[in-house]
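Undergrad: Below is one structure. I have some questions about it.
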Amino acid sequence: MTTTVARITRLLLLSTVVACSSSEDPGGDGAAVVVPDTDRGSGPAAITSYAFHSSTLANNRTIWVYTPPGYDSGQRYPVLYMQDGAEVFATASANPVATWKADQAASQLINAGTIAPLIIVAVGTPDRNAEYTPTFDSHVSGSGRGPLYARMLVQELKPFVDAHFRTRTDPASTGIGGGSYGGLIAVYTALHYPGTFGLSDGTSASLWWANQLVTAQLSALPSKVPVRFWLDRGADEVSEDTAEVDGLAVFATAAVAKGWTDGLDVRYEQGFPGGHDVGSWAQRFGPMLQFLFPR
């Protein structure tokens, strides 16, 4: 396989650096709002975007990297890799309402001392149906490139991020997350690469995929692997998609049967308002961070 870091370094294009507000939305003209971090004294959070080439998938994508308030202090940070990168950060989006607002939620919780300061990597995708599904399904065009995508994250993207940012590289400090298909591939990847990802967010995860394939893979493990799982769904998803709700519940039950402890290293939250959409997921992002990245 081509040595990724060297290749990516040549392709690296700094396209934008914007300051993240810890308490406000960016202005209507899309300009960034800068909020000085008086609590930590080392400057505000920031988002930087890069062009990224994958040899494994033979394609290109944009990644956005959020560095937390106080990043210049010199310490190393845990990392969360989020899927559907263009929808993750309000400050970096032309339509901040239709995002997870992950930058705002993280900065607020960090400044409040509620969660550990962390780096968030928002990974863009040229084809989510292909990259976020672990097997082929004739009803979903291009599906089934999930295993290659997971390999790309482990062998190409994470080494790049670790080389260019002050990360903590151990699995217990490295998370992967997403919503819907993004949650599906996040859970799949953590399950298959527990030596890389020790934290997993499956927000409204499509764990019904392929007759609950990922749950079957978990149940087939010889023993529990060291991954902490967050799973959730909105109250409206019961009426929207029964199969999706069942997939989440079955996975959580299977995890406990395999040795995970309910509420400690697997947590399934069902009481959030909202449905299967980015706006609803934004409301759950903070509680997920508090579970996976506690102070």
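The values are calculated or read from the model by the stated rules, or taken from the named source; none is laboratory data. This is a predicted model, so every value here is computed, not measured. A quick note on method: Cβ atoms are made from the backbone with ideal geometry, for glycine too, and the neighbour counts reach across all protein chains shown. When the accessible area is computed, the model is the full protein with side chains, heavy atoms only, and any ligands, DNA or RNA have been set aside. Shrake-Rupley method; radii C 1.70, N 1.55, O 1.52, S 1.80 Å.
Undergrad: Can you work out which of the residues in segment 196-249 that are part of a helix (DSSP H, G or I) and either under 15 Å from I176 (Cβ atoms) or within 18 Å of the chain's Cα centre (by Cα) (or both) is modelled with the lowest pLDDT?
TA: Restricting to residues being part of a helix (DSSP H, G or I) and either under 15 Å from I176 (Cβ atoms) or within 18 Å of the chain's Cα centre (by Cα) (or both), the top hit is L248.
Undergrad: Being of a type in the set (S, T, N, Q) and under 22 Å from G175 (Cα atoms), is that true of even one residue in segment 235-246?
TA: No, because not a single residue in segment 235-246 is of a type in the set (S, T, N, Q) and under 22 Å from G175 (Cα atoms).
Undergrad: While we're here: Which condition number does A92 fail, the rest of (1) touching a residue at least 60 places away in the same chain (Cβ under 8 Å); (2) under 22 Å from V154 (Cβ atoms); (3) open to solvent by 30 Å² or more (accessible area, probe 1.4 Å); (4) under 17 Å from the mean Cα position of the chain (by Cα) being met?
TA: (2)
Undergrad: Mind checking which residues of segment 265-279 are closer than 19 Å to D246 by Cα, modelled with pLDDT under 95 and open to solvent by 10 Å² or more (accessible area, probe 1.4 Å)?
TA: Residues satisfying the conditions are E269, Q270, G271, F272, P273, G274, H276, D277.
Undergrad: Continuing with the same structure: Quick test for you: out of Y77, Y71, pick the one residue that is surrounded by fewer than 23 Cβ atoms within 10 Å (Cβ to Cβ) and modelled with pLDDT of 95 or more.
TA: Result of the check over Y77, Y71: Y77.
Undergrad: In contact with a Pro (Cβ under 6 Å, 6 or more places away or on another chain), touching a residue at least 40 places away in the same chain (Cβ under 8 Å) and open to solvent by 40 Å² or more (accessible area, probe 1.4 Å) - does that describe any residue in segment 174-194?
TA: No - not one qualifying residue is present in segment 174-194.
Undergrad: So for segment 150-166 (the condition being of a type outside the set (A, V, I, L, M), part of a loop (DSSP other than H, G, I, E, B) and either in contact with a His (Cβ under 6 Å, 6 or more places away or on another chain) or surrounded by 23 or more Cβ atoms within 10 Å (Cβ to Cβ) (or both)), does at least one residue qualify?
TA: Looking through segment 150-166, none of the residues is of a type outside the set (A, V, I, L, M), part of a loop (DSSP other than H, G, I, E, B) and either in contact with a His (Cβ under 6 Å, 6 or more places away or on another chain) or surrounded by 23 or more Cβ atoms within 10 Å (Cβ to Cβ) (or both).
Undergrad: Pairs, please: C-beta under 7 Å, at least 6 apart or cross-chain, first residue under 14 Å from A46 (Cβ atoms) and assigned to a loop (DSSP other than H, G, I, E, B) and in segment 107-119, second aliphatic (A, V, I, L, M) and open to solvent by less than 30 Å² (accessible area, probe 1.4 Å)?
TA: P117/I110; L118/V79; L118/L80; L118/A106
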